[in-house]
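A quick write-up on the structure given underneath.
The values are calculated or read from the model by the stated rules, or taken from the named source; none is laboratory data. Nothing here was measured: the structure is a model prediction, and the numbers come from that model. Don't worry about glycine lacking a Cβ; one is built from the backbone with ideal geometry, like all the others, and counts go over all protein chains shown.
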C-alpha cells in the first residue's frame, strides 16, 4: 500500500471568483511543492480546463483527476470525479445541455478563462458558470455513473451551497456513501448529529486561490494498492476509483 496525500476539490481561473493566478500550471506546481500526490480540478459546472491541468500535472509528476463541482437545481454543490479525462469531458457536454444560461458579469465574477497546457488563453466562457443547473441532487449520481464517475455532496459543513444547510439534513435518500467536509475538526460532530456513520468523509480545500491550497499533511491521505515501484497516473486513478467506489 502506498500513501497519497490528496485534494479532490480545487478550482482554476475558469471558475467564477477564481483567481487569475489559479492556472492549471500554477495549481499543479503548488500541489507538487505542497506534497499533494493526487489532485482533482473541479471547476463550477465545467471540465474545460482539465486537459490543460493533465498536461501540467504530467510535468510535475503529480496524478491529476478530472472533475467538476456541479451546482444542482436545489443550488447544492456536488463534487463529480471521473477516472478518465475523456469521460469527464463527455459529462461536461451533458451538463452543458442542462445549464441555465445567464451572461457572465466580468466586473463582478471575473473572466472565466480556458487555458492550454502552457497557460495560454484559448477561450473564455461567456455564460456564468456558478448558477444552478436543472440537474437535481438525487439525479446527479445517476448521470455521473453513466460516465463511470463518482458523485458526492461538497462541503457539507459550510453554509454556502452545502446540502445540510439547504435541506436541513444530510440527503441519505439519494444513497450517497461519500461526502466532503471542508474542516477536519467538524467530523465527529457531523457524524453524530447527522447519522453519517456509514458515509465516508473526504477532506478537500475548495481552493479558489493559490494560498488556499493546503499542504498534503494538512489535508488527508489515501492508502492505495499501487505497489512499491514506479506507477503511472492511469494506474493510480484506477486504484483511487476502486477505493472510492468500494466505500
Does residue 197 satisfy the condition of being part of a helix (DSSP H, G or I) and either touching a residue at least 24 places away in the same chain (Cβ under 8 Å) or over 27 Å from residue 62 (Cα atoms) (or both)?
no
When you look at residue 43, is it surrounded by fewer than 24 Cβ atoms within 10 Å (Cβ to Cβ) and in contact (Cβ under 8 Å) with a residue 24 or more places away in the chain, yes or no?
no
In region 215-244, which residues are surrounded by 18 or more Cβ atoms within 10 Å (Cβ to Cβ), farther than 10 Å from residue 6 by Cβ and at pLDDT below 90?
226
Residue in region 79-94 that is in a loop (DSSP other than H, G, I, E, B) and farther than 20 Å from residue 19 by Cβ present:
yes
So for region 69-77 (the condition being within 21 Å of residue 21 (Cβ to Cβ), outside any helix (DSSP H, G or I), touching a strand residue (DSSP E or B) at 6+ places or on another chain (Cβ under 6 Å) and touching a residue at least 12 places away in the same chain (Cβ under 8 Å)), does at least one residue qualify?
yes
Would you say residue 167 is touching a residue at least 40 places away in the same chain (Cβ under 8 Å) and in contact with a strand residue (DSSP E or B) (Cβ under 8 Å, 6 or more places away or on another chain)?
no
Examine region 50-57 for a residue that is in contact with a helix residue (DSSP H, G or I) (Cβ under 9 Å, 6 or more places away or on another chain), more than 28 Å from residue 132 (Cβ to Cβ) and either buried (at least 24 other Cβ atoms within 10 Å of the Cβ) or at pLDDT below 95 (or both), and state whether such a residue exists.
yes
Picking from 85, 33, the residue that is in contact with a strand residue (DSSP E or B) (Cβ under 7 Å, 6 or more places away or on another chain), free of Cβ contacts under 8 Å to residues at least 40 places away in the same chain and surrounded by fewer than 21 Cβ atoms within 10 Å (Cβ to Cβ) would be 85
Return the residues of region 179-197 that are surrounded by 19 or more Cβ atoms within 10 Å (Cβ to Cβ) and closer than 23 Å to residue 42 by Cα; say none if nothing qualifies.
179, 180, 181
Among the numbered criteria (1) surrounded by fewer than 19 Cβ atoms within 10 Å (Cβ to Cβ); (2) over 25 Å from residue 16 (Cα atoms); (3) over 16 Å from the mean Cα position of the chain (by Cα), which one does residue 148 miss?
(3)
